[in-house]
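Below is one structure, written out as structure tokens; comments come after it.
The values are calculated or read from the model by the stated rules, or taken from the named source; none is laboratory data. From a predicted model like this one, the values you see are computed outputs, not experimental measurements. Cβ placement follows ideal geometry from the backbone for every residue including glycine, while neighbour counts extend to all protein chains displayed. Side chains are part of the model used for accessible areas, which takes the heavy atoms of the whole protein and leaves out ligands, DNA and RNA. Shrake-Rupley method; radii C 1.70, N 1.55, O 1.52, S 1.80 Å.
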Amino acid sequence: MFTLMLVRRNWVSAVRLGSFVAIILGLALAWVAPAAADGIIIPNPPCGPIPWCYDCPLPPPCPPVPPSPARLSIKYHRVTVDIENQLAVTHIDQVFVNEETYQVEGIYMFPLPVDATISQFTMWVDGQKMDGQVMGKDEARRIYEDIVRSQRDPALLEYIDRGAFRASIFPIPPKGERRIEIEYSQVLVADQGLIHYSYPLNTEKFSARPLEQVSVDVTIKSKDAIKAVYSPSHKVAISRGSDYKALAGYEELNVKPDRDFDLYYSVSQDTIGLNLITYNDNTEDGFFVLLAAPQVQVDQSQIVSKDVIAVIDTSGSMDGEKIRQAKDALRFILDQLNPKDRFNIVRFSTDVQSYAPSLRPATEREEGKRFVDGMSAVGNTDINRALLEALTSADKERPTILIFLTDGVPTTGVIEADKIIANIQQSIRSNVRLFAFGMGDDVNTYLLDTLSQQNRGVTAYVRPGQKIDEEVSVFYAKVSTPVLADIQIDFGDLGVYDAYPDPLPDLFAGAQLVLVGRYRQQTQVGRPMINQVTLRGTVNGQEQTFIYTPSENLSSGPGPNFIPRLWATRKIGYLLTQIRLHGESKELVLQIVELATRYGIITPYTSFLVDERALTDAGRQQIVGEQQKAMPTMMPGLGGYGGGGVGAPAVDASVGQQLLYDADQAPNPTQSQQAQQIRSVGTKTFVRQGNVWTDTTYDPSKMTPTQVGFGSESYFTLIAARPEWGQYFAQGADLIVVLDGQAYQTVPGAGQPVTVPATATPQPTHSTALPATAVSQAATPQPVSTSTPPPANLPPQPGGLCGSAALAVLFVIPLVARRASR
């Protein structure tokens, strides 16, 4: 990761490279200060005294008119990662563009990776190899603190407990480009089968303009079968060619990335791999993410035989491109049937016609295609009759997927949505999963969403301009090979609650379950006891049980801080759906307000986020009352926020809520219109009130903050004792933050006496992955590998290169620069 701060060539010769380490990181990380033209505050002067430089001659005195700061943009940033048996080789390819009319120079700073042993580190600039040196934690910390003191820029505090690698680069000519490549390798730690890779994209937001392209491509190879592949930070495309190789890719255009790239993957020889990742800071109940993934290549005997019933709208509004694409989608589904699957097709308009009176074997797919070819679009829309007739052919036992495609609302027969829902619920069996596809915006979202939600399916909306056949094909490819149905998970004595999704979906080959929830604090000072996790389900009507036993209790360490915000995101999505489908209540709205305030999640009720009253219980009660008066009443059947159950606003509301409820990544408020007022850092959210960034857990009616003098000895002693707090103090010189139940406020001057914690908080534990012992029927449990040992053929590992809490951050920074203004 690079951020390049540039300076005029004629100022560089007066200083030595090693003297400006402090300047470098200070510039790169100063994102919390008022933004300059390139989004960065440059705190160091190009001339005059340099108080943080201990061993270099002074630069020349400042001229009457100091030179303006230089600007640098990042044209593209491409990252290629090859991971084989835990050895990760990361290759970075970037092009920097000098926006100025004069030549500039700079150096790279690389804060060292956490818990990593670097086996190789090579940097090339336009084909020439560059040398560098390692700076230890103590030296780096002294420089960091001096920059904060002199520049009043606390951004460096996020890296206060890190060492650094540094190297110089060649000058970049005026308006010229410089291509830079870096490659390093490290051994990733396997925590009982769960492996975490991280790459820092966060600092790219300092580019003077958006990047034309940013991409991360990861190839994973393992001698043990790869199960889950999951990114909590970015939406990645995952390709699974086999059980022993996986590809994960992320790409965006014209963007300023603002969060680091994280990827988890698990390895196991079990039929179903399971891992549990936890977060627990000992101040409240814990959070968890459970990953469950079956193998990719499934033996035919392990595939659940299923029935597929397609119900397709052939009313007059489907005429033209819609009916042609719907037919293509049905043909695809028929071609993808497994040998033991069965199917039926029901087309409906004013009348209803089925392909067959009962389910037919997959061998009749060609006859089914001929039935599809004969469909034409004419007549009205009788949804009630079509669904009821489809359900008459459903088997009582076999897993059944009912795919319902419609582009409108019921216009004949039973047309009241509530009556249709009641009729379907009386007739449908528990083994049927209903998946609805709304084509266009003229659909009843309340009807479709309720039918799907009550029958363990989902609704997908194919918006104008999207292709029906592509959307249905992608969906069906995911559910075509079920391996475990009717899933239930028993956490034993862990005390799990508020887990989403609820109910649990079936498990399909090549897919994975990401379950997010809370667990209650137990005994032994926040170390919850867990004996085993039991996963139950059915395969072809036979119950299967998989028992996972942890080797130890869940860690008391905090864990990955993405988990609480991900949980809050899903719960808000659930609450919004309940309001839209079942009606609004003060209690539900209050829960949304409290969660959104605490975790900085944008919702339809967002105007309160920068309201000072949101920090107190009484204030939130007032806000809820005002919100309910200001927003349209949401009763069952209305389906949306002011748009009714039909139309683009209703579809937008449904899609937005489903995105929250199904989220694998918590949304980042910096991508919203309120980015200048809201920030999420770790598990905390800060809102800007005046000039002060205020922790949303701060309650001024109940808390009296300890005033900490910014840059005072107490200030740095506090952060040195608790370096994990640095990420919060890095938000700005004017700050209120609540830590361990105590509020701290940074103020000018010496501040008040501060009680410094005697010991540091335990370092975050990335995960607690459960080693698995699978029990199928009466079979004898078989021991399995739960982690992959480091490769035996690794090159010698140099010592002294352990860092802090992220994989790596790469910066290009100036030797000399000064504060810029926008």
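So the values come out like this:
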quantity	calculated
Global form of the stretch 415-527, assessed from the alpha-carbon gyration tensor, a/c cut-off 1.5	prolate
Unsatisfied cross-links (Cα-Cα over 19 Å) in the set LYS322/LYS369; LYS175/LYS256; LYS75/LYS256	LYS175/LYS256
Rounded to whole Å, sorted largest first: equivalent-ellipsoid semi-axes of the stretch 332-403, Cα gyration tensor	21, 16, 9
Exposure of GLU543 as accessible area (Å², to 10), given a probe of 1.4 Å and all protein chains	100 Å²
Protection proxy ranking of 281-287, 121-127 - average other beta-carbon atoms within 10 Å, highest first	281-287, 121-127
Computed over the stretch 197-283: relative contact order in percent, which uses C-alpha pairs under 8 Å that are six or more apart	41 percent
Nonlocal amide H pairs with ALA509, under 5 Å, H built at 1.01 Å	THR481, VAL483
Selection of GluC sites (Glu not before Pro), the stretch 305-412, meeting DSSP coil and at most 13 other Cβ within 10 Å	GLU397
Accessible area of HIS582 in the full protein assembly, 1.4 Å probe (Å², nearest 10)	100 Å²
